[in-house]
Structures are given as structure tokens and as C-alpha cells.
1. Please state which one of Leu76, Leu38, Leu30 is of a type in the set (A, V, I, L, M), within 25 Å of Tyr141 (Cβ to Cβ), open to solvent by 20 Å² or more (accessible area, probe 1.4 Å) and modelled with pLDDT of 95 or more.
2. Might you check whether a residue that is open to solvent by 90 Å² or more (accessible area, probe 1.4 Å) and closer than 16 Å to Arg4 by Cβ occurs anywhere in the stretch 90-99?
3. Can you find even one residue in the stretch 69-85 that is among the basic types (Lys, Arg), without any contact (Cβ under 8 Å) to a residue 60 or more places away in the chain and over 17 Å from Ile3 (Cα atoms)?
4. Give me the helices (runs of 4 or more DSSP H) completely within the stretch 1-113, filtered to those with at least 2 residues that are more than 23 Å from Thr124 (Cβ to Cβ) and aliphatic (A, V, I, L, M), ordered by residue number.
5. Go over the candidates Ala57, Ala80 one by one and state the one that is in contact with a strand residue (DSSP E or B) (Cβ under 8 Å, 6 or more places away or on another chain) and on the phi < 0 side of the Ramachandran plot.
6. Would you say Tyr117 is farther than 24 Å from Asp35 by Cβ, in a helix (DSSP H, G or I), at pLDDT 95 or above and open to solvent by less than 30 Å² (accessible area, probe 1.4 Å)?
7. For the stretch 23-34, indicate whether the set of residues that are acidic (Asp, Glu) and over 22 Å from Ile114 (Cα atoms) is non-empty.
8. Give me a count of the residues in the stretch 75-107 that are within 20 Å of Lys41 (Cα to Cα) and in contact with a helix residue (DSSP H, G or I) (Cβ under 8 Å, 6 or more places away or on another chain).
Amino acid sequence: MDIREVKEREPSLIGKLIEVWESSVRETHLFLSNDEILSIKNYVPEALKNVEHLIIAEEEEPVAFMGIENESLEMLFIAASERGKGIGRRLIQYGFDNFHINKVAANEQNPQAIGFYEHMGFHTYKRTDHDEQGNPYPLLYMCI
């Protein structure tokens, strides 16, 4: 498994990462409807192109990725077929070691993510009733 930061964000890579994103979201974000997932998917390419640090985990193809801005983990997605193999832990450790990540926001309705981040040492310091787009999906803000 190779973990590396991507500087060149070519359309073919973005397309593969969108596939990873959708696989991950459909597995973990059970509170979202199909229409909501498809709507959010429209914004993913821009997020991938604009995040300060884009790190991918790949074998022959990308299987997971994370985005980091200012020591904050902005996104972490692992293909459904790759969950439970330690890739998330390895990515977070890479983020700790190379980018000093110390905060993350996660959907409260995604208990697997909350449990994972707690296992990695994060704790909740704030909760909101809505996500950053104003949708009724509470966020938990977590820090080390």
C-alpha cells in the first residue's frame, strides 16, 4: 500500500477518487438518500481540486484518500471493499506525522466514523444541529 500526497490532480485521478468517495458514502452515510448522495457528488470534484493537501492510498488504483487544510482533516473516504484493513488508521497516522492534524468534523449520524476518530485519539468539543450547508445533519467537531 502506497500513501502519498498528490499535487497534480488530473481528471482521471479525480474520477477514480469520486468512485472511492461514492463507494464509501453509500456504505457509511446511511442517513443520506440516493438523491442527496447524487446532489453532494456534484461538489466532490471541486473539493478534491481545492483541498490544500490531498493524500491517496493506492495499490494499483486509489482505494482511499484524505484531504487536509490547516491541520484539520477535511475528508477521509475509504472504498467499501477496503474497509477494516487498517487503511484509515494508516492515513490518519500519515496525517499526524506529516501535517500535524489535530481536528476533524464528522456527521453525528455516522457512528462508525465517530468511533474510529475516538479510537484515534479525538474527542468531541462541539456539536451543531446542522451541517455546514445548513442541512439537518448534526456535526460533531473533534480535536486531539
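1. Unique residue meeting the criteria: Leu76.
2. The answer is yes, given that some residue of the stretch 90-99 is open to solvent by 90 Å² or more (accessible area, probe 1.4 Å) and closer than 16 Å to Arg4 by Cβ.
3. The answer is no; no qualifying residue exists.
4. 11-28, 34-41, 44-50
5. When all the criteria are applied, what remains is Ala57.
6. Yes; evaluated as a whole, the condition is true for this residue.
7. No, the stretch 23-34 contains no residue that is acidic (Asp, Glu) and over 22 Å from Ile114 (Cα atoms).
8. Residues that pass the stated criteria total 9.
The values are calculated or read from the model by the stated rules, or taken from the named source; none is laboratory data. Computed from a predicted structure; not experimentally measured. Positions of Cβ are generated from backbone atoms using ideal geometry, with glycine treated the same way; all protein chains shown enter the neighbour counts. Calculation scope for accessible area: heavy atoms of the full protein, side chains included, ligands and nucleic acids excluded. Shrake-Rupley method; radii C 1.70, N 1.55, O 1.52, S 1.80 Å.
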